[in-house]
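Quick notes on the structure that follows.
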Amino acid sequence: MSRTNPATDVAADDGNAASATRPRLYRTAGIGGVSALLFWVLQPVIVFVIVGDKVGQPTWQYFHDYRFNGVYEAITFCGVGFGVLTCVLALDRLAHTAGRDVSVWSRLGTWCGLVAGTTWVLTAGITLVPYTSVGDAVNRIIPAPADQNAVFESWAVMITGMLMAYALTSAAWLVVFGVIGRRRRIFGWPSACVMFAGAALTVLPVLIPFSPPIGGMSGLACLFVLGIVLLVKARRA
């Protein structure tokens, strides 16, 4: 009669469960990374379809004429945020499968990624402000279009601030998980280098005064490339 070691059996079961879970996590992270960029690209497309070449100064009349634009923008921004959050959480699970220890740096990187994704959801909420009764009251309180432009310009500055917060936190997450993902063999050196490059490009608007904030979105392109890699690995796992 053979004897079994309960501790060994439990470890083997955990290892098998982790192996079965990894393809699903690869797929989930890949879908999140790809969808984040696609939703971001969809936003200007929707605005162009609705507004066309009539984009002007942000006044009450502009928001009144294109009153449903805010809803569509909010949906796309939420899509970006949920895509980022999905990718971050799935990669966090991948990094800690098979009973691996959770380091302080790993946990810090995950929190930075969660903040990065959350900023997009907050941006969606701020985008809707001019289309609420609060935004509508601007026309009654400040009837002059030039003064309205100043009010709504401060609203645009607030949105840009949220996107810069995304740039800083996503850059931190890209660096941390570029290192962890390579060490724990979630992906290879090419993917890690893409994450490091994405982090460097993302912080450029912060380092160069008065530069366009579009560079802060480089992390989304990085997530798209990483998402494709992870989807391929899911099929091969």
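The values are calculated or read from the model by the stated rules, or taken from the named source; none is laboratory data. Quantities reported herein were computed from a predicted structural model and do not represent experimental measurements. Here Cβ is always computed from backbone atoms with ideal geometry, including for glycine, and neighbour counts include all displayed protein chains. For accessibility, only protein heavy atoms count, side chains too; no ligands or nucleic acids. Shrake-Rupley method; radii C 1.70, N 1.55, O 1.52, S 1.80 Å.
Kindly indicate whether VAL176 is in contact with a Phe, Trp or Tyr (Cβ under 9 Å, 6 or more places away or on another chain), among the hydrophobic types (A, V, I, L, M, F, W, C) and under 22 Å from THR118 (Cα atoms).
Yes: the conditions hold for VAL176.
Under 8 Å between Cβ atoms, at least 6 apart or on separate chains: pull out the pairs that start in segment 148-170 with a residue that is free of Cβ contacts under 8 Å to residues at least 24 places away in the same chain and end on any residue that is open to solvent by 40 Å² or more (accessible area, probe 1.4 Å) and not in a helix (DSSP H, G or I).
Pairs found: VAL151/ILE142.
Looking only at segment 167-179, decide whether some residue is surrounded by fewer than 17 Cβ atoms within 10 Å (Cβ to Cβ), farther than 30 Å from THR21 by Cα and in contact with a Pro (Cβ under 9 Å, 6 or more places away or on another chain).
no
Quick check on segment 70-92. Is at least one of its residues open to solvent by less than 70 Å² (accessible area, probe 1.4 Å), at pLDDT below 90 and either at positive phi or under 21 Å from the mean Cα position of the chain (by Cα) (or both)?
Scanning segment 70-92 turns up at least one residue that is open to solvent by less than 70 Å² (accessible area, probe 1.4 Å), at pLDDT below 90 and either at positive phi or under 21 Å from the mean Cα position of the chain (by Cα) (or both).
If you check GLY109 against the conditions, is it out of contact with any Asp or Glu (no Cβ under 8 Å at 6 or more places or on another chain), of a type outside the set (Val, Ile, Thr) and surrounded by 18 or more Cβ atoms within 10 Å (Cβ to Cβ)?
Against the criterion (out of contact with any Asp or Glu (no Cβ under 8 Å at 6 or more places or on another chain), of a type outside the set (Val, Ile, Thr) and surrounded by 18 or more Cβ atoms within 10 Å (Cβ to Cβ)), GLY109 qualifies.
Got a sec? Which of VAL151, VAL179 is over 28 Å from HIS96 (Cα atoms) and in contact with a helix residue (DSSP H, G or I) (Cβ under 8 Å, 6 or more places away or on another chain)?
VAL151
Considering every residue within segment 189-201, establish whether at least one is loosely packed, with under 14 Cβ neighbours inside 10 Å, touching a Lys or Arg at 6+ places or on another chain (Cβ under 8 Å) and of a type outside the set (S, T, N, Q).
Taking every residue of segment 189-201 in turn, at least one turns out to be loosely packed, with under 14 Cβ neighbours inside 10 Å, touching a Lys or Arg at 6+ places or on another chain (Cβ under 8 Å) and of a type outside the set (S, T, N, Q).
With respect to PRO44, is the statement that it is free of Cβ contacts under 8 Å to residues at least 40 places away in the same chain, in a helix (DSSP H, G or I) and open to solvent by 40 Å² or more (accessible area, probe 1.4 Å) true?
So PRO44 fits the description; yes.
Okay, residues lined up against (1) touching a residue at least 24 places away in the same chain (Cβ under 8 Å); (2) in a helix (DSSP H, G or I); (3) farther than 16 Å from LEU163 by Cβ:
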{"position": "MET195", "(1), (2), (3)": "yes, yes, yes"}
{"position": "PHE210", "(1), (2), (3)": "no, no, no"}
{"position": "ILE214", "(1), (2), (3)": "no, yes, no"}
{"position": "ALA221", "(1), (2), (3)": "yes, yes, no"}
{"position": "PHE224", "(1), (2), (3)": "yes, yes, yes"}
{"position": "LEU230", "(1), (2), (3)": "yes, yes, yes"}
{"position": "ALA234", "(1), (2), (3)": "yes, yes, yes"}
